[in-house]
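Okay, so here's the structure we're looking at.
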Amino acid sequence: MAREKPFGVDARWSALSRELIARCHEAGIQVFSDALGLNENVEQYARAIDWGIDVIQTDYPLRVLRAIELHNTD
């Protein structure tokens, strides 16, 4: 019987780290998360993008876009 493998994981924002994202990617698993409250800012989004997050779920897409713009200028 083949072992099932998830497509992605929806991690709590507070649990995110470069290491968690790297381990998931090594296993072929994408990482999703949604920042809530105080975490819904460009700095937090930019950090997660730098770590390699695949999907940021948000009510503030322009903030994520700004974080992407900043990341792409590095």
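The values are calculated or read from the model by the stated rules, or taken from the named source; none is laboratory data. The model shown is predicted, which means the values in this text are computed figures rather than measured ones. Positions of Cβ are generated from backbone atoms using ideal geometry, with glycine treated the same way; all protein chains shown enter the neighbour counts.
Numerical summary
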| item | result |
| --- | --- |
| Members of region 30-47 that are closer than 15 Å to ASN72 by Cβ and touching a strand residue (DSSP E or B) at 6+ places or on another chain (Cβ under 8 Å) | TYR45 |
| Residue check for ASN72: at pLDDT below 95 and under 13 Å from the mean Cα position of the chain (by Cα) | no |
